[in-house]
Amino acid sequence: MARYLGSVCRHCRREGTKLFLKGQRCMGDKCAIEKRNYPPGQHGQKRSKVTEFGLQLREKQKVRRIYSIFERQFRNYFLKADKMQGVTGENLLSLLERRLDNVVYRGGFATSRSQARQLVRQNHFAVNGRKVNIPSFLVAAGDVVEVRPKSKEKELIKSALERVEQRGIPPWLELDREKMKAAVKGLPVREDVTTPIQEQLVVELYSK
């Protein structure tokens, strides 16, 4: 199964909001949303009536694109969240936030989730002292994610850490910049997801 290799800025324009898929570029005036805040394509600027199903579908696609996962993966996360205690939508976001590639991004070791996924696959990170190169690995409370010793001089990681204050670290993570490690203080909750997401629309879509 192939991944999307086109311009990810088209995703932001299609969803009408910044999805922060290109790291530092999304923070400045070069962001596609700042220049052309309408869907791509020849009919992008035309207004069309959006149905209830259309709203739900667009929200699901937006969340998928934020975390860069396939439809089957996303549905499996939903089914797992639905079986957990608590609110299904909040459980879903918590599971997505706990992915290792997301933790690497949110911890400040990468400027985008796609970059974080690549770094994880290239064996640059360890969890509790053991090498983990699976981006979908779910961290748990008490886990420690750290840059492996041989990777601490990698320029991509050092450059991302220098800009960490600009983006901020979520309260469920504790970053030690000197040792290049992030401790998972607790499981992420709804308030920790700062990207505008209406998870209830996703739940309604899959509950039909």
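The numbers here are math on the coordinates, done by the rules we state, and not lab data. For clarity, every value in this text was computed on a predicted model and none was experimentally measured. Because the Cβ atoms are built from the backbone with ideal geometry, glycine has one as well, and the counts that use them run over all protein chains shown.
Each residue of the stretch 104-110 was assigned a 3J(HN,Hα) from its phi angle through the Karplus curve 6.51 cos²θ - 1.76 cosθ + 1.60 (θ = phi - 60°); the sequence is 4, 5, 5, x, x, 8, 8 Hz, with glycine and proline shown as x.
Note on the stretch 99-187: Cα-only Rg and Dmax are 11.2, 30 Å. List, in the order given, every pair from Lys83/Lys131; Lys60/Lys158; Lys131/Lys181; Lys158/Lys179; Lys154/Lys185; Lys83/Lys181 whose Cα-Cα distance in the structure shown is over 22 Å. Beyond 22 Å between Cα atoms: Lys83/Lys131; Lys60/Lys158; Lys154/Lys185; Lys83/Lys181. I want to make sure I understand the PRE zone here: with the label point 7 angstrom from the Cα of Lys179 toward its beta carbon, which residues in the stretch 111-148 have backbone N atoms less than 15 Å away? Under cut-off, by backbone N: 126-130, 142-148. Using 0.36 nm per residue and subtracting the Cα-Cα separation, the extra length available between Val50 and Met84 on full extension is 9.0 nm. Global size of the stretch 53-156: 14.8, 49 Å for Rg and Dmax (C-alpha atoms, Rg to one decimal, Dmax whole). Between Gln73 and Gln61, what is 0.36 nm times their sequence separation minus the Cα-Cα distance? Round to one decimal in nm. Length difference between fully extended and current span is 3.1 nm.
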